[in-house]
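For reference, the structure I am asking about is given below.
The values are calculated or read from the model by the stated rules, or taken from the named source; none is laboratory data. Remember, predicted model here, so these are calculated numbers, not experimental data. Every residue, glycine as well, gets a Cβ built from its backbone with ideal geometry; the counts of neighbours run over all protein chains shown.
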Amino acid sequence: MPVKFAIIKERKNPPDRRVVFSPEKSQEVIQQFPDAQIIVESSSIRVFPDSTYRESGIEVTEDVSDCDVMIGVKEVPISALIPNKKYFFFSHTIKKQPYNRNLLKAILEKNIELYDHETIVDESGHRLIGFGRFAGLVGAYNGFRALGKRDGLFDLPKVEHLADFDAVKAELDKIKLPNIKIVLTGRGKVAYGAKEILDHMQIPEISIEDFLSKPFNQAVFCFIDVMDYNKRKDGQPGDKRAFFRDPSGYKSDFMRFAKVSDMLITGHFYGDGAPFFFTREDAKQPDFKINLVADISCDIDGPVACTIRPSTIANPFYGYDPKSEMEVAFDAPGAITVMAVDNLPCELPKDASEGFGEMFMEHLIPAFFNGDKDGVLERALITKGGKLTQRFNYLQEYVNETSVL
């Protein structure tokens with residue numbers, strides 16, 4: 001059965017130049033799936049201009065209301081939602097975010113079938129698509145940019161001023177790092193994206209034992225996972241799966257890294273109830289050594305105490321004074337320099353779009369034409385027939401609340 005997909009215009013401010021399908025990937029979809037049609041809603045901000053879609057043989061129009069499936073990146077404003085359609089975008093509602101409660105209500109009222117990119121998972125619950133790798137790439141680069149700027153060592157340009165990831169790597173090739181110790185957290189796409197940067201810069205990866213106990217005469221990094229920076233309160237050996245099920249019996253063991261590290265790059269996922277990496281009190285200790293944090297995970301007032309607010313692409317760095325617990329200049333004496341941009345992939349829109357489209361085509365498009373044999377659409381569906389689906393019933397109370405915004 002034919003399906004008409006619309007690549008919708010991004011309408012959220014600040015503007016997001018990313019798109020799910022590039023012109024090349026759009027053409028690939030319709031070649032591979034003869035029953036698929038792709039229409040592009042005209043946009044002046046998209047990283048790929050309308051003309052490049054037309055040159056690829058893809059129709060561009062001002063009106064996509066006759067399409068079946070609307071595919072975007074960021075939240076769609078309520079006024080732009082078309083009733084009775086299928087929508088794919090990051091809705092930022094599944095964690096009960098108060099600022100998007102009215103959006104979810106409107107989606108229900110307009111009888112829209114909502115699929116959130118975050119809810120597209122395999123049978124084990126692992127996410128199949130996302131921009132995590134690109135957040136990691138840009139976040140790590142921005143961390144080194146902050147270091148160079150703060151200490152007057154080198155001057156890396158902003159990623160948004162570079163053409164693509166190849167240009168990012170070319171800029172990194174020009175700099176020389178001082179003798180610093182870097183700790184990188186996580187094991188997902190974000191962390192491995194950041195690791196790509198460290199590996200490209202040929203920074204040696206050091207074992208935990210050596211990192212904690214030995215001095216080095218060059219920049220080195222240590223790649224740590226959840227059981228490396230948390231330990232059981234009763235002293236028994238930790239278990240990763242048990243920790244994810246219930247972290248209440250654990251406490252942070254991160255201070256052993258904080259005492260020997262100069263720079264922290266966060267690529268971890270932080271679950272509710274898990275121990276903080278370090279608290280504001282920890283950061284006051286004389287032996288707390290970290291003075292630069294590239295907080296890609298960006299949990300505000302959470303596990304990384306110096307991340308007190310998100311920063312922006314326009315102004316990516318700020319300082320945190322451990323003594324006063326206040327924000328100061330990013331290069332203020334004694335401050336921890338913080339990079340906490342919460343929309344990092346926007347800085348690399350071309351590469352991020354191409355990577356995202358690759359995943360979307362692999363995991364989502366076939367499901368429309370094979371009867372959803374792997375259940376990927378069924379698992380991802382949040383709303384149908386004006387109601388929440390069973391999997392997302394936990395949002396009912398959130399929907400019923402009166403919005404304070």
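Before we move on, is V138 of a type in the set (V, I, T), within 25 Å of V190 (Cα to Cα) and in contact with a Cys (Cβ under 9 Å, 6 or more places away or on another chain)?
Yes, satisfied.
Between I203, I197, I175, I182, which is over 26 Å from G355 (Cα atoms) and crowded, with 17+ Cβ neighbours inside 10 Å? Before the answer, list the steps.
On the way: I203 fails: over 26 Å from G355 (Cα atoms); I197 fails: over 26 Å from G355 (Cα atoms); I175 fails: crowded, with 17+ Cβ neighbours inside 10 Å.
One residue alone meets the criteria, I182.
Let me ask something else. Going through E160, E109 one at a time, which residue ends up being surrounded by fewer than 19 Cβ atoms within 10 Å (Cβ to Cβ), outside the structural domain of L292 (by TED's automatic domain parsing) and touching a residue at least 60 places away in the same chain (Cβ under 8 Å)?
E109
Yes or no, residue by residue, for (1) in contact (Cβ under 8 Å) with a residue 12 or more places away in the chain; (2) farther than 19 Å from N343 by Cα:
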residue: V20; (1), (2): yes, no
residue: E24; (1), (2): yes, yes
residue: I45; (1), (2): yes, no
residue: S51; (1), (2): no, yes
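Part of a helix (DSSP H, G or I), among the charged types (D, E, K, R), without any contact (Cβ under 8 Å) to a residue 24 or more places away in the chain and out of contact with any Ser or Thr (no Cβ under 7 Å at 6 or more places or on another chain), is that true of E397?
For E397, the condition - part of a helix (DSSP H, G or I), among the charged types (D, E, K, R), without any contact (Cβ under 8 Å) to a residue 24 or more places away in the chain and out of contact with any Ser or Thr (no Cβ under 7 Å at 6 or more places or on another chain) - is met.
What about K74, is it touching a strand residue (DSSP E or B) at 6+ places or on another chain (Cβ under 7 Å) and either over 30 Å from T402 (Cβ atoms) or in a loop (DSSP other than H, G, I, E, B) (or both)? Please lay out each step first, then the result.
Numbers: touching a strand residue (DSSP E or B) at 6+ places or on another chain (Cβ under 7 Å): yes; either over 30 Å from T402 (Cβ atoms) or in a loop (DSSP other than H, G, I, E, B) (or both): yes.
Answer is yes for this residue.
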